[in-house]
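Here is the structure we will look at, set down as structure tokens.
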Amino acid sequence: MSQRPYTVLLLVPTGIGAAIGGYAGDALPVARAVAQVADCLITHPNVLNGAQLYWPLSNALYVEGYGLDQFAAGCWDLQPVRQNQVGMVLDQGIEPELRVRQLQAADAVRATLGLHLTDYVVTDAPLGVELRTARSGATWGTIQRPDSLLRAVEKVITQCKAEAVAVVVRFPDDTDSDLLQHYRQGQGVDPLAGAEAVISHLVVRTFHIPCAHAPALLPLPLEPHLSPRSAAEELGYTFLPCVLVGLSRTPQFVVRSEPQSGVAPRSHLITAEDVDAVIVPETACGGSALLSLSQSQSTIIAVGDNRTRMQVSPEMLGIRAVRVNSYLEALGVLVADRAGISLDALTASISTLRQQL
Amino acid sequence: MVQVCNHSRMATQFITVEIALPDSPAALRQAVLAELQTHGEPLRWAVTAVDSAGQLAQVEAIVILST
């Protein structure tokens, strides 16, 4: 007898200093482990992107954060694909040599991995990224010319026929900042991450198309004491390969209220109702996706040792969650949940049943 | 689906707001969205802290302004 696929959503929000997943794709080992337990893993670029490093997971769906929020809210569904034609948008603010580095990375994934890429578009103005840190410690940012970004994305979709969009924006080389130095030591908050999320959210919100971002930066001076968690971003000249790989098989969004051509039958779509379990850092329970799913039948697993700069536990918001110390414990909860085994039955003491009055 | 839009008058802004904690997490999401929509179109947000004594949720957000 077949059962429906066991579906797990793994969340490590970007730009909040997560001890695991707050650096250079360093939650990817967690994703690999969860993918062994789940039939379907849904997660987001911050978890799977390791700059030059990535790991193909045949049962994982790479879903950008804004789309993930809409999915969790039941507004959008996910339509898995065999492949997407990925188009690139490059910031006009990228210097010529650095632009060539991005284009060579794109050619490399075409020749070496066989990915389908369209022609690319350069924005009609430098996008002008500004980076900020909020009072909570989370990073965020803005671009001065969102209009130019969105015009370029529209062009790569309509003229180049891109089905997913990789955006490469020139970010500031703030090599002396304390934030960057801490990040390279595997401490503190990723100074770029919040602004990256704003860029991809703008594109996904506007066009309902998968998108992910890779920053364009000059190589940093050699740091002999670099943290292993940050090391993946210092292997080469671009952060682009993982983004192109992720987007090549990212699911398409299907907006529930809009009839769309070429959409698979509903039974082939993945919906919020399909999510069996959600894994989230214990102090980061205040995001849109988790609030949406907290009212569903999903088992919510809050991981204690993935500390973040957020201060929102499940109890504070009335979210019923299974608290665990580590991702190793979370994997055990998933195994039991998938098998339909009560977690209480795996502990030393089980309370007796009481008569309901 | 491609939307042909006028992108020329758009800006993003960071804001912080406080929301009175409602009864349920789902109601909190709706309350946050409603409050943010008085400032702009919500793009990215999270409850970053909770004042349990005052029953207030602190929210940091990026909203889109159409000027």
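The values are calculated or read from the model by the stated rules, or taken from the named source; none is laboratory data. Predicted model, so just to flag it, every value in this text is computed and none were measured. All Cβ positions, even for glycine, are placed from backbone atoms using ideal geometry, and neighbour counts span all protein chains on display. Please note that ligands, DNA and RNA were not included when accessible areas were found on the heavy atoms of the full protein model with its side chains. Shrake-Rupley method; radii C 1.70, N 1.55, O 1.52, S 1.80 Å.
Please go through region A:51-61 and pick out each residue that is open to solvent by 10 Å² or more (accessible area, probe 1.4 Å) and either more than 19 Å from A:HIS201 (Cβ to Cβ) or touching a Lys or Arg at 6+ places or on another chain (Cβ under 7 Å) (or both).
Selection gives A:GLN52, A:LEU53, A:TYR54, A:TRP55, A:PRO56, A:LEU57, A:SER58, A:ASN59, A:ALA60.
Against the definition (of a type in the set (A, V, I, L, M, F, W, C), within 11 Å of A:ILE279 (Cβ to Cβ), assigned by TED's automatic domain parsing to the domain that holds A:LEU269 and touching a helix residue (DSSP H, G or I) at 6+ places or on another chain (Cβ under 7 Å)), how does A:ALA24 come out, yes or no?
The answer is no for A:ALA24.
Quick one: which strands (runs of 3 or more DSSP E) lie wholly within region A:1-62 and hold at least 3 residues that are at pLDDT 95 or above and of a type in the set (A, V, I, L, M)?
By residue number, A:7-10.
Criterion first (open to solvent by less than 10 Å² (accessible area, probe 1.4 Å) and closer than 21 Å to A:LEU328 by Cβ) does A:ALA31 satisfy it?
yes
Given the structure, is A:ALA289 more than 8 Å from chain B (Cβ to nearest Cβ), open to solvent by less than 20 Å² (accessible area, probe 1.4 Å) and of a type in the set (Gly, Ala, Ser)?
Numbers: more than 8 Å from chain B (Cβ to nearest Cβ): yes; open to solvent by less than 20 Å² (accessible area, probe 1.4 Å): yes; of a type in the set (Gly, Ala, Ser): yes.
Spelling it out, A:ALA289 is indeed more than 8 Å from chain B (Cβ to nearest Cβ), open to solvent by less than 20 Å² (accessible area, probe 1.4 Å) and of a type in the set (Gly, Ala, Ser).
Mind checking which residues of region A:285-339 are over 16 Å from A:ILE42 (Cβ atoms), of a type in the set (A, V, I, L, M) and touching a Lys or Arg at 6+ places or on another chain (Cβ under 9 Å)?
A:LEU291, A:ALA302, A:VAL303
Of the numbered conditions (1) small (Gly, Ala, Ser); (2) at pLDDT 95 or above; (3) in contact with a Lys or Arg (Cβ under 8 Å, 6 or more places away or on another chain), B:ALA46 satisfies every one except a single condition; which is it?
Exception for B:ALA46: condition (3).
For every residue, the table says whether it meets (1) at pLDDT below 95; (2) within 14 Å of another protein chain (Cβ to nearest Cβ); (3) open to solvent by 30 Å² or more (accessible area, probe 1.4 Å); (4) in contact with a Gly (Cβ under 8 Å, 6 or more places away or on another chain).
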{"site": "A:LEU202", "(1), (2), (3), (4)": "no, yes, no, no"}
{"site": "A:PRO224", "(1), (2), (3), (4)": "yes, no, yes, no"}
{"site": "A:PRO241", "(1), (2), (3), (4)": "no, no, no, no"}
{"site": "A:ARG256", "(1), (2), (3), (4)": "yes, yes, yes, yes"}
{"site": "A:ARG266", "(1), (2), (3), (4)": "yes, no, yes, no"}
{"site": "A:ALA277", "(1), (2), (3), (4)": "no, no, no, no"}
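May I ask you to list pairs of residues, at least six apart or on different chains, whose Cβ atoms are under 9 Å apart, with the first in region B:1-19 being farther than 15 Å from A:HIS201 by Cα and among the basic types (Lys, Arg) and the second being part of a loop (DSSP other than H, G, I, E, B) and modelled with pLDDT under 95?
Matching pairs, first to second residue: B:ARG9/B:SER66; B:ARG9/B:THR67.
Being hydrophobic (A, V, I, L, M, F, W, C) and part of a helix (DSSP H, G or I) is the filter here, so list the residues in region A:99-153 that pass it.
A:VAL100, A:LEU103, A:ALA105, A:ALA106, A:ALA108, A:VAL109, A:ALA111, A:LEU113, A:LEU149, A:LEU150, A:ALA152, A:VAL153
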